[in-house]
Amino acid sequence: MARSAQPDRRALWVAAAVLAGTIVVGVLVVAVITPTDIIPRPDEGRPPRSPGQRGGWEQLATLAAVVAGLAAVGTLVWRSSRRAKEHASMPQVANPPDPKGDRDAQKDRRPQPG
């Protein structure tokens, strides 16, 4: 009797349980060992001393530029969709008039090849 190439289901479940248990134990160990003051509480920090630090003017200027860019894109999309909607609601003309005049008259004025 030849053994199949597929692994046993019980072995897969045992491997999955060992992996999940290892992850859970690792997370618990790290949570117990790590000091609790690693993340400062609100208003415990110091004010920014240089423009590149968190909360400095460069960061706020970047935020303002991103918000302005998103507002510009949103406005352009809204305006474009409004124009498309107005264009779609206009009645369609079967044969629009030629803005340069009568086409047959222009054909007569063209020089004939010859």
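The values are calculated or read from the model by the stated rules, or taken from the named source; none is laboratory data. What you see is a predicted model; the values in this text were computed from it and never measured. Note that we place each Cβ from the backbone using ideal geometry, even for glycine, and neighbour counts take in every protein chain shown.
Structure notes:
- Qualifying residue in region 44-55 (condition: modelled with pLDDT of 75 or more, out of contact with any His (no Cβ under 6 Å at 6 or more places or on another chain) and in a helix (DSSP H, G or I)): no
- Val30, sole failed condition from (1) hydrophobic (A, V, I, L, M, F, W, C); (2) modelled with pLDDT of 75 or more; (3) closer than 30 Å to Gln59 by Cβ: (3)
- Some residue of region 8-18 being modelled with pLDDT under 80 and either surrounded by 10 or more Cβ atoms within 10 Å (Cβ to Cβ) or of a type outside the set (Gly, Ala, Ser) (or both): no
- Candidates in region 33-43 are the residues that are at pLDDT below 75 and part of a helix (DSSP H, G or I); of these, the one that is surrounded by the most Cβ atoms within 10 Å (Cβ to Cβ) is Asp37.
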